[in-house]
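Chemist: One structure follows; several queries about it will come next.
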Amino acid sequence: MTTVEIATLNWVNWWNTKRLHEALGYRTLAEIEASYIHPKTTASATV
């Protein structure tokens, strides 16, 4: 793997997991993706 490839992978990792996006409510892309994959149910249970 070249130095450029490693630097690019590090940048992509930072972009997806560390950078807070204003348009996403100051959440990371990884947080947004996780919320779609594993949604939290907030509706109350019916009896």
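Any read-out appearing in this document is the output of simple, stated calculations on the displayed coordinates, not a laboratory observation. Keep in mind it's a predicted model, so treat the numbers as computed, not measured. All Cβ positions, even for glycine, are placed from backbone atoms using ideal geometry, and neighbour counts span all protein chains on display.
Chemist: Loop only per DSSP, at most 15 neighbouring Cβ atoms within 10 Å: give me the GluC sites (Glu not before Pro) in region 1-34, ordered by residue number.
Modeler: none
Chemist: Which translational diffusion coefficient, to the nearest whole µm²/s, is obtained for the chain from the Stokes-Einstein equation, given a Kirkwood hydrodynamic radius over C-alpha pairs, 4 °C and 1.567 mPa s?
Modeler: D = 100 µm²/s.
Chemist: Can you tell me the dipole magnitude for the chain around its Cα centre, using point charges on the Cβ only (Lys, Arg +1; Asp, Glu -1), in Debye to the nearest 20? Numbers along the way, then the final one.
Modeler: On the way: 4 positive and 4 negative charges, 28 e Å.
Charge dipole of the chain: 140 debye, to the nearest 20.
Chemist: Would you kindly state how much longer the chain becomes between Glu33 and Asn13 on full extension, computed as 0.36 nm times their sequence separation minus their alpha carbon distance, in nm to one decimal?
Modeler: My answer for the length gained is 5.8 nm.
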